[in-house]
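Following: one structure in structure tokens, then a few remarks.
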Amino acid sequence: MKKFIVTGGSGFIGSNLVKYLLKKKCFVINIDKLSYSANPYNLKKLAKDKNYKFYKCDINNKDKIIHILKKYKPDGVFNLAAETHVDRSIENPKNFISSNILGVFNLLEALKKYIKTSSKKIKLIHISTDEVYGDIKKGTRSVEESSYIPSSPYSASKASADHLVRAYMRTYKLPAVISNCCNNYGPNQFPEKLIPKLIYNILNNQPLPIYGLGKNSREWIHVFDHCEALLKLFNKGKIGESYNVGSNQNLTNINITKKILFIAKKKSIKIGKNTKIKFVKDRPGHDFRYALNNSKILKTVKWKARISLEEGLSQTFDWYTKNKVFFKSVSKKLYTGRLGLKI
Ligand SMILES: NC(=O)c1ccc[n+]([C@@H]2O[C@H](COP(=O)([O-])OP(=O)(O)OC[C@H]3O[C@@H](n4cnc5c(N)ncnc54)[C@H](O)[C@@H]3O)[C@@H](O)[C@H]2O)c1
């Protein structure tokens, strides 16, 4: 049985990854400091699972991380612990420096120290984002060798972390792989992010706020596809390399909003009179377009996203409709600046 540490396992992607790995008959140790975006609801059914362990711990706590590494001797570590909301990073970048840069530095130091004393092989899969490449011109897509030109404190902190991981791979031969993924959607996502926010507002007769003219384009992947890619990267990703995890499914924010409205109507959800698209002042430094070239992972790891945007959005809509209690479980922690929702 393979053993994995998942950091940030109580957040959106992390909780989906924890469940995915358990389904694949792995033993999973979740290390999460339980910040505002962590949600016990995401993993509430796992408390009694004998293949699941949870540690409330900040990745900055190097000694505790070393202790957990020594105790479990995992085959791999998936690092998803991070501050993730761009708007919050614009308002208060300090937490992003602490978790996304210093946290990764401490995790790398812990791994470096552990590797010296352990004979068992280990591999770090460090989860990064397409945002590190910055704005991508129409007609082009970023490859793994493209320059890092981050625009927000969030993407700058993720870029810094990637550089640190690369430096540790090269200087200390730390066995790691970096994944740069596009925008995820699916169950368990904190509802300050675009898709759950739109679904919540449709279900609650609220306006649908869109930055600028809604022309910004994002590439969307279902979180289940991302989880599958991460396990494949553990099994087949070459140590020392980066991989773009993209779906090739780009859509402007206005078009994704229209798509979700269309899905809601098809499901006979009543659209209230307040539920109208509302253009709001653009985010400062807002990147216009992200787009990944995913040829490398397709060819060398033999992974391809399988869930179409239509199917994935429809299933996601159903999940939030059936799990309304999920929205209630996060209501007090919601960001109330800029596009923040009040629930
Ligand atoms: N959501 C996306 O579209 C997307 C796309 C590409 C990459 N990523 C990356 O994937 C990872 C997970 O993103 P998400 O959307 O699930 O985020 P999320 O905000 O839903 O979850 C992050 C989790 O990390 C935990 N955490 C934060 N700082 C921590 C620390 N210092 N120590 C321990 N735990 C800590 C939080 O408590 C939370 O449970 C992040 O690294 C993010 O940059 C996300």
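The figures follow:
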read-out: Output for the range 66-92, where each listed residue is assigned to a helix (DSSP H, G or I), among the basic types (Lys, Arg) and more than 22 Å from the chain's Cα centre (by Cα); value: Lys70, Lys71
read-out: Odd one out for Asn235, checked against (1) of a type in the set (S, T, N, Q); (2) open to solvent by 60 Å² or more (accessible area, probe 1.4 Å); (3) part of a loop (DSSP other than H, G, I, E, B); value: (3)
read-out: Odd one out for Ile263, checked against (1) open to solvent by 10 Å² or more (accessible area, probe 1.4 Å); (2) of a type in the set (Val, Ile, Thr); (3) not in a helix (DSSP H, G or I); value: (3)
read-out: Residue within the range 115-135 that is over 30 Å from Asn216 (Cβ atoms) and touching a strand residue (DSSP E or B) at 6+ places or on another chain (Cβ under 6 Å) present; value: yes
read-out: Hits in the range 135-164 - residues which are without any contact (Cβ under 8 Å) to a residue 40 or more places away in the chain, small (Gly, Ala, Ser), assigned to a loop (DSSP other than H, G, I, E, B) and buried (at least 17 other Cβ atoms within 10 Å of the Cβ); value: Ser146
read-out: Number of positions in the range 161-183 that are within 12 Å of the ligand (Cβ to nearest atom) and out of contact with any strand residue (DSSP E or B) (no Cβ under 6 Å at 6 or more places or on another chain); value: 1
read-out: Close pairs (8 angstrom Cβ cut-off, 6 or more residues apart or separate chains): assigned to a loop (DSSP other than H, G, I, E, B) in the range 242-254, open to solvent by 20 Å² or more (accessible area, probe 1.4 Å) anywhere; value: Gly246/Arg141; Gly246/Asn293; Gly246/Ala305; Ser247/Ala305; Asn248/Ala305; Gln249/Ala305; Gln249/Ser308
read-out: Selection count, the range 21-36, where residues are assigned to a loop (DSSP other than H, G, I, E, B) and either open to solvent by less than 30 Å² (accessible area, probe 1.4 Å) or near the ligand (Cβ under 7 Å from one of its atoms) (or both); value: 4
read-out: Selection from the range 287-329 of residues that are more than 24 Å from Tyr41 (Cα to Cα), open to solvent by 30 Å² or more (accessible area, probe 1.4 Å) and not basic (Lys, Arg); value: Phe288, Asn293, Ser295, Leu298, Thr300, Ser308, Glu310, Glu311
read-out: Cβ-Cβ under 6 Å pairs, at least 6 apart or on other chains, the range 203-217 side farther than 27 Å from Lys324 by Cβ, far side open to solvent by 20 Å² or more (accessible area, probe 1.4 Å) and among the hydrophobic types (A, V, I, L, M, F, W, C); value: Asn216/Phe288
read-out: Cβ pairs under 8 Å, 6+ apart, first in the range 37-65 and under 26 Å from Leu111 (Cβ atoms) and outside any loop (DSSP other than H, G, I, E, B), second more than 9 Å from the ligand (Cβ to nearest atom) and acidic (Asp, Glu); value: Lys62/Glu109
read-out: The one condition in (1) closer than 30 Å to His286 by Cβ; (2) within 11 Å of the ligand (Cβ to nearest atom) that Thr140 fails to fulfil; value: (2)
read-out: Whichever residue in the range 107-134 is of a type in the set (S, T, N, Q) and open to solvent by 30 Å² or more (accessible area, probe 1.4 Å) and, among such residues, is nearest to the ligand (Cβ to nearest atom); value: Thr117
read-out: Count of residues meeting criterion [within 12 Å of the chain's Cα centre (by Cα) and either at positive phi or more than 8 Å from the ligand (Cβ to nearest atom) (or both)] in the range 3-14; value: 1
read-out: Criterion: surrounded by 18 or more Cβ atoms within 10 Å (Cβ to Cβ), modelled with pLDDT of 95 or more, closer than 23 Å to Ile239 by Cα and charged (D, E, K, R) - qualifying residue of Lys3, Lys70; value: Lys3
read-out: Matching residues in the range 184-195 - criterion: being open to solvent by less than 20 Å² (accessible area, probe 1.4 Å) and either in a helix (DSSP H, G or I) or away from the ligand (no atom under 12 Å from the Cβ) (or both); value: Ile195
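The values are calculated or read from the model by the stated rules, or taken from the named source; none is laboratory data. Being a predicted model, the structure only gives us computed values, none of them experimental. All Cβ positions, even for glycine, are placed from backbone atoms using ideal geometry, and neighbour counts span all protein chains on display. The protein model used for the area step is the full one, side chains on, heavy atoms only, and it has no ligands, DNA or RNA in it. Shrake-Rupley method; radii C 1.70, N 1.55, O 1.52, S 1.80 Å.
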